[in-house]
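Chemist: Can you keep this structure in mind? I'll have questions shortly.
The values are calculated or read from the model by the stated rules, or taken from the named source; none is laboratory data. These numbers were taken from a predicted model, which means no experiment stands behind them. Using ideal geometry, Cβ is built from the backbone for each residue, glycine included, and neighbour counts are taken over all protein chains shown. All accessible areas refer to the heavy atoms of the entire protein, side chains included, with ligands and DNA or RNA removed. Shrake-Rupley method; radii C 1.70, N 1.55, O 1.52, S 1.80 Å.
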Amino acid sequence: QGQLVESGGGLVQVGGSLTLSCAVSGDITRFDNMAWYRRPPGKQRDVIAINSDRGVANYVDSLKGRATIFRDNATNTLRLQMDSLKPEDTAVYYCNLFPPKIEWWGQGTQVTVSS
């Protein structure tokens, strides 16, 4: 069983960068696929980036070229680096497995991009 704690969000200006972190309770290498999700204001939560245990990454079109998802196996942390942030990136960001385990959803971390 694992627990997930997201951090690293905040208020950033358009064009800025953030690196989000997801601390995983236990050995992160146990999981084949992990992902970042986000819920923009008034919208549903959707997957935005997926990382496989072989290091393969996939992104939604809106983040391609602006985001990097990667694992830090030494610290059991999943990270998401985002650059060139836009107002439409404003959302609560979550991590989970892919497909997600319902009981593993955490509180998320708020990212607000101001113009």
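Chemist: List pairs: first residue in region 20-34 and on the phi > 0 side of the Ramachandran plot, second residue at pLDDT 90 or above and surrounded by 11 or more Cβ atoms within 10 Å (Cβ to Cβ) anywhere in the structure, Cβ distance under 9 angstrom, at least six positions apart or on different chains.
Modeler: Listed pairs, sorted by first residue: Gly26/Asn76.
Chemist: Also, I was wondering about something else. I'm trying to understand the selection: among the residues of region 26-41, which are touching a Lys or Arg at 6+ places or on another chain (Cβ under 8 Å) and either modelled with pLDDT of 95 or more or part of a loop (DSSP other than H, G, I, E, B) (or both)?
Modeler: Met34, Tyr37, Arg38, Arg39
Chemist: Quick one: in region 64-97, which of the residues that are touching a strand residue (DSSP E or B) at 6+ places or on another chain (Cβ under 7 Å), surrounded by fewer than 20 Cβ atoms within 10 Å (Cβ to Cβ) and among the hydrophobic types (A, V, I, L, M, F, W, C) is nearest to Ser25 (Cα to Cα)? Can you show your working first?
Modeler: Keep residues of region 64-97 that are touching a strand residue (DSSP E or B) at 6+ places or on another chain (Cβ under 7 Å), which gives 66-72, 76-82, 85-87, 89-97.
Filter again for surrounded by fewer than 20 Cβ atoms within 10 Å (Cβ to Cβ), leaving 66, 68, 70, 72, 76-77, 79, 81, 86-87, 90, 92, 97.
Filter once more, keeping what is among the hydrophobic types (A, V, I, L, M, F, W, C): 70, 92, 97.
Numbers: Phe70: 17, Val92: 21, Leu97: 13 Å.
The extreme case among them is Leu97.
Chemist: Residue check: is Ala23 open to solvent by 20 Å² or more (accessible area, probe 1.4 Å) and not in a strand (DSSP E or B)? Steps first, please.
Modeler: Working: open to solvent by 20 Å² or more (accessible area, probe 1.4 Å): yes; not in a strand (DSSP E or B): no.
Spelling it out, it is not the case that Ala23 is open to solvent by 20 Å² or more (accessible area, probe 1.4 Å) and not in a strand (DSSP E or B).
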